[in-house]
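In what follows, a structure is listed as structure tokens, so that the remarks can point back to it.
Only the coordinates and a few stated rules stand behind these numbers; no lab work does. Nothing here was measured: the structure is a model prediction, and the numbers come from that model. FYI the Cβ positions are ideal-geometry reconstructions off the backbone, even for glycines, and counts take in every protein chain you see.
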Amino acid sequence: GQQVMQIPQYQHVQEGEDFTTYCNSSTTLSNIQWYKQRPGGHPVFLIQLVKSGEVKKQKRLTFQFGEAKKNSSLHITATQTTDVGTYFCAGPGASGGSYIPTFGRGTSLIVHP
Amino acid sequence: KAGVTQTPRYLIKTRGQQVTLSCSPISGHRSVSWYQQTPGQGLQFLFEYFSETQRNKGNFPGRFSGRQFSNSRSEMNVSTLELGDSALYLCASSLLMGTSGTVSYEQYFGPGTRLTVT
């Protein structure tokens, strides 16, 4: 079945440094979503990307969807302690056209003040 | 708009028992999905209900079942609990069609039910 791989698993940064997490799929994705889960919390929807090569920005966060729609990235500029959490990507699994969400294992971001 | 609510928030059960978890989606959302989250396996999809019908199902044994009511509220049941069922169970609701006609798969998660099986 479709797999969504995320790297790195963990990332330690000093406050103010940039951060990037990458998501790679074994198959072409029709769309991809990104979620953030704070420690002890639940996943919170950040954004959805649909078009090939799409780039979307939310303040210091930049999301990209690859041209082949098999990879995506989330880049945070000048990290802050409020950015701490695990970032997940999720894509639709293929099952006879049905939508079965497949989440990456996530990248845990630790920001040191 | 009120978010997704889940009850109970914490549960401790003994191996072999059964448990029922409840989820109330965001008003207007007709799709409810359930996930199991563990440190070892991450977020894994259990099943999705839409208009009281199970539409999609993940790779979990038949001990895991669910249902959805006419008001979109959903319940998940796990029978014959095993130690490995200890996890955070998350419910997520979704509005499948956006107002522009674009299909939207974004999901809104509840706070989860932390199940501990001893």
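Odds and ends about this structure:
- Net charge dipole size for chain A [Lys, Arg +1 and Asp, Glu -1 on Cβ; Debye, nearest 20]: 280
- Value of Rg/Rh across chain A [Cα atoms, Kirkwood radius]: 0.97
- Summed residue charge, Cβ within 10 Å of residue B:67's Cβ, Lys/Arg positive, Asp/Glu negative: -1
- Shape summary of the protein assembly as shown, radius of gyration then Dmax from alpha carbon positions: 17.7, 50 Å.
- Likely footprinting exposure, A:75, A:112, B:29, fewest C-beta neighbours within 10 Å first: A:112, A:75, B:29
- Shown here for the range B:37-118: chymotrypsin sites (Phe, Trp or Tyr not before Pro) in loop regions (DSSP other than H, G, I, E, B) with at most 15 other Cβ atoms within 10 Å, namely B:69.
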